[in-house]
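**Student:** Got a structure for you, questions after.
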Amino acid sequence: MSASCPLFLPRLWELRSLRAATRSIFLLFFLIFFISATALSGCASKVSTGIHKPLPDDALQEMHPSGLGLSPKAEYFYYYLLLSEGMRDNDPQVIRIALRRLLELEPELPVFQDSVTILMGYGEYKAARLAALEGLRRFPRDNVLTLLLAEASSEDGDTREAVRILETHLREVPGDVAAVQELARFYLLRNNLPKASALLDSIPGQRLSPQVILLRARILNGTGNPRAAKALLRKCLRQAAAFPPIWLELGLACERLNQREEALAAYRQAAKLESGNLKVWLRMIQLHLASGQTLEAGKVLREAPPSGAFLLQAALCFSEAGRHEEAENLLSEAGRLGASAGETALYLSFLRQAATGDPLAAASPLDDVPPEHPLYLEALLRKIRLLLAGRDFSGAAETAAANRKRQPERKPLWSLEAYALFQLEGRRKAESLLAEGLRQYPEDEELLFALGQIQDESGDKDEALRTMERIILHHPDNIQALNYVGYTLADQNKDLARALRLITAALEHAPETEYIVDSLAWVQYRLGRYQEAWATIRRCLSLGASDSVVWEHYAEIALALGKRDEAIRGYTEAVSRNPDNADALRTKLTALTGSP
């Protein structure tokens, strides 16, 4: 049946306007079908009744055409019709039920592929993952289902699982270029540039598509080689001048080369090809604002497609440039163009913090985000963190506690309330609350990490280390715990081989995270690998690290290499940040300079 009547749906990465395409295809299909199959006239009226609102599964099951005496083929078409209705009405429940039955009636590869594609097009990522897994059990190593499963996992917030799926697939099918390209993209999303680069280098030159060239350019841009990225992109434009992402990446490369006019020209071309890409318009606004050209930024703002979402982002750009009054005006305009009151309140909080530097002033607009709003939890967590930053520990504890009792499954509420209690009443109250949480959610990594942090801040380093080891035992990929244990061992100058393994494992998942890079430099220093440590600590600073501990490590490593001037620089920078050990650092600095 699949050969004569396939879904004919485009793959997700080939056509992003999935809903419009599938609706058109199904309308055409059913027009043909109704002309040729009058046997469905009775069930058509049955399907059309009462499915315009979401229904529970048991209600939908009552729509099963068992009493109509349909043949398997007619029943198959019946569920096509049900699927069409669900897609027309944007009803994910109906879509899930129809697809589930279609797969039961005909579990063929094209049906699995298209079912997963439809589910993803409607944001049903968990259902898409289940369908893809079932399809792969029946059709192992199918590259389309594998790619769809990885994409669904990523969209469902599990990029780590997406990477694992593709890595496993490529061990079995090493020549799958599409999988190589997709895995490289996921590595880029996780800032693992070395792995992404190595993968792309494995693709034969004659098989390089514009998408692969774009990924190569992104790696070059990300590793501090924008000149090579620009040359590669210019070459690619000869064969793909109508591919907007190439122009966007070219603009970024020109920005890094301080070639502002060229960057603006590239962005304008990208906007011409893809006017709905808000990122392009925002980059142009940011470039003009960075050069103090407020009028030109306003002109770009007026040229861009108007939408509430765009104006919210533009308001942040103006706020970051110190144009706070214009930013708040843009928020008002965003509300008139469809941005919800909850969205504008959240953005107003960001603007107030940038304008005043006062966490409590930034917290007050968040009270306007209603509990039913999709952004309510984000706003709530932000409010609690702002109250903590403003040292309103009572307000933070009360707000977290009230919401934690209503939504105990929201783990950050436990952690934030515990930290507020720690500041108010000390370690015992905070640990008691986290112990209660861990009874409800045994070995939860977020609650355990909060416990370890409180133990660490209380000065109980040994207990904190045991808690972090407990996290690694149950959650071996937790980068925070891996880094904590690895760094602690290095700082104590013991079990350095294991410390290196732990920190290396953390960097596998977060290679550009500056504090983990600093940990690597410190364990290399403890191992006596001073040249490696020097290269690593300099890389750490290039990533934006600037706290006193990093500069202290910089000084210690420089001293081990006999770089006296660099050691003085490191200690000076560390002291200027007023750390707790400032007196000890001044003593070291005096020993080098000969003057206090």
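**Student:** For region 541-551, name all the residues that are open to solvent by 40 Å² or more (accessible area, probe 1.4 Å) and at negative phi. Break it down into steps so the answer makes sense when it comes.
**Tutor:** Step one: list which residues in region 541-551 are open to solvent by 40 Å² or more (accessible area, probe 1.4 Å), which gives 542-544, 546-547, 549.
Correct list: Ser542, Leu543, Ser546, Asp547, Val549.
**Student:** Looking only at region 291-300, decide whether some residue is open to solvent by less than 40 Å² (accessible area, probe 1.4 Å), under 23 Å from the mean Cα position of the chain (by Cα) and more than 25 Å from Ala228 (Cα to Cα).
**Tutor:** Among the residues of region 291-300, not one is open to solvent by less than 40 Å² (accessible area, probe 1.4 Å), under 23 Å from the mean Cα position of the chain (by Cα) and more than 25 Å from Ala228 (Cα to Cα), which makes the answer no.
**Student:** Another one. Can you pull out the residues in region 383-407 that are within 20 Å of Phe449 (Cβ to Cβ) and open to solvent by 40 Å² or more (accessible area, probe 1.4 Å)?
**Tutor:** Result: Arg385, Ala389, Gln407.
**Student:** Now for a different question. Report whether or not Leu237 is assigned to a helix (DSSP H, G or I), more than 27 Å from the chain's Cα centre (by Cα) and among the aliphatic types (A, V, I, L, M).
**Tutor:** Values: assigned to a helix (DSSP H, G or I): yes; more than 27 Å from the chain's Cα centre (by Cα): yes; among the aliphatic types (A, V, I, L, M): yes.
In short, yes.
**Student:** Is it the case, given these coordinates, that Ile557 is over 30 Å from Thr159 (Cβ atoms) and assigned to a helix (DSSP H, G or I)? Break it down stepwise before answering.
**Tutor:** Numbers: over 30 Å from Thr159 (Cβ atoms): yes; assigned to a helix (DSSP H, G or I): yes.
Yes, satisfied.
**Student:** When you look at Ser548, is it in contact with a Gly (Cβ under 8 Å, 6 or more places away or on another chain) and either modelled with pLDDT of 95 or more or not hydrophobic (A, V, I, L, M, F, W, C) (or both), yes or no? Please lay out each step first, then the result.
**Tutor:** Numbers: in contact with a Gly (Cβ under 8 Å, 6 or more places away or on another chain): no; either modelled with pLDDT of 95 or more or not hydrophobic (A, V, I, L, M, F, W, C) (or both): yes.
The answer is no for Ser548.
**Student:** How many of the residues in region 99-112 are open to solvent by 20 Å² or more (accessible area, probe 1.4 Å) and assigned to a helix (DSSP H, G or I)?
**Tutor:** Counting residues in region 99-112 that are open to solvent by 20 Å² or more (accessible area, probe 1.4 Å) and assigned to a helix (DSSP H, G or I) gives 7.
**Student:** Listed residues Leu377, Leu421, Leu416; which is part of a helix (DSSP H, G or I), at pLDDT below 95 and in contact with a Lys or Arg (Cβ under 9 Å, 6 or more places away or on another chain)?
**Tutor:** Answer to the selection: Leu377.
**Student:** Pairs needed: first member in region 247-274, touching a residue at least 12 places away in the same chain (Cβ under 8 Å) and part of a helix (DSSP H, G or I); second member anywhere, among the β-branched types (Val, Ile, Thr) and open to solvent by less than 60 Å² (accessible area, probe 1.4 Å); C-beta distance under 7 Å; at least 6 residues apart or different chains.
**Tutor:** Once the first residue is touching a residue at least 12 places away in the same chain (Cβ under 8 Å) and part of a helix (DSSP H, G or I) and sits in region 247-274, its partners that are among the β-branched types (Val, Ile, Thr) and open to solvent by less than 60 Å² (accessible area, probe 1.4 Å) give Leu248/Val280; Tyr267/Val280; Ala270/Val280; Ala271/Val280.
**Student:** Still on this structure, I have one more. When region 356-374 is examined, which residues are found to be in a loop (DSSP other than H, G, I, E, B), open to solvent by less than 70 Å² (accessible area, probe 1.4 Å) and within 19 Å of Ala339 (Cβ to Cβ)?
**Tutor:** Val369, Pro370, His373
**Student:** While we're looking at this one, here's another question. Can you pull out the residues in region 561-588 that are part of a helix (DSSP H, G or I) and over 17 Å from Leu541 (Cβ atoms)?
**Tutor:** The answer is Arg564, Ala582, Asp583, Ala584, Leu585, Arg586, Thr587, Lys588.
**Student:** Same structure, new question: Does Glu182 qualify as being of a type outside the set (Ser, Thr, Tyr) and closer than 20 Å to Asn277 by Cα?
**Tutor:** So Glu182 does not fit the description; no.
**Student:** If you take the residues in region 253-290 that are over 18 Å from Leu232 (Cα atoms), open to solvent by less than 60 Å² (accessible area, probe 1.4 Å) and among the charged types (D, E, K, R), which one is nearest to the chain's Cα centre (by Cα)?
**Tutor:** Arg283
**Student:** Determine, yes or no, whether Gln440 is more than 18 Å from Arg470 (Cβ to Cβ), among the polar types (S, T, N, Q) and open to solvent by 40 Å² or more (accessible area, probe 1.4 Å).
**Tutor:** no
**Student:** Return yes or no: is Val163 open to solvent by less than 20 Å² (accessible area, probe 1.4 Å), under 22 Å from Ile213 (Cα atoms), among the aliphatic types (A, V, I, L, M) and in contact (Cβ under 8 Å) with a residue 12 or more places away in the chain?
**Tutor:** Yes; evaluated as a whole, the condition is true for this residue.
**Student:** Another question, if that's okay. Go through region 170-225 residue by residue and tally those that are surrounded by fewer than 18 Cβ atoms within 10 Å (Cβ to Cβ), of a type in the set (D, E, K, R) and not in a helix (DSSP H, G or I).
**Tutor:** Qualifying residue count for the region: 0.
**Student:** In addition: Do you know which of the residues in region 60-93 that are hydroxyl-bearing (Ser, Thr, Tyr) and either open to solvent by 70 Å² or more (accessible area, probe 1.4 Å) or in a loop (DSSP other than H, G, I, E, B) (or both) is modelled with the lowest pLDDT?
**Tutor:** Ser66
The values are calculated or read from the model by the stated rules, or taken from the named source; none is laboratory data. The shown structure was predicted, so the numbers you read here are calculated from the model rather than taken from an experiment. All Cβ positions, glycine included, derive from the backbone under ideal geometry; neighbour counts span all protein chains shown. Note: areas computed on protein heavy atoms with side chains; ligands, DNA, RNA excluded. Shrake-Rupley method; radii C 1.70, N 1.55, O 1.52, S 1.80 Å.
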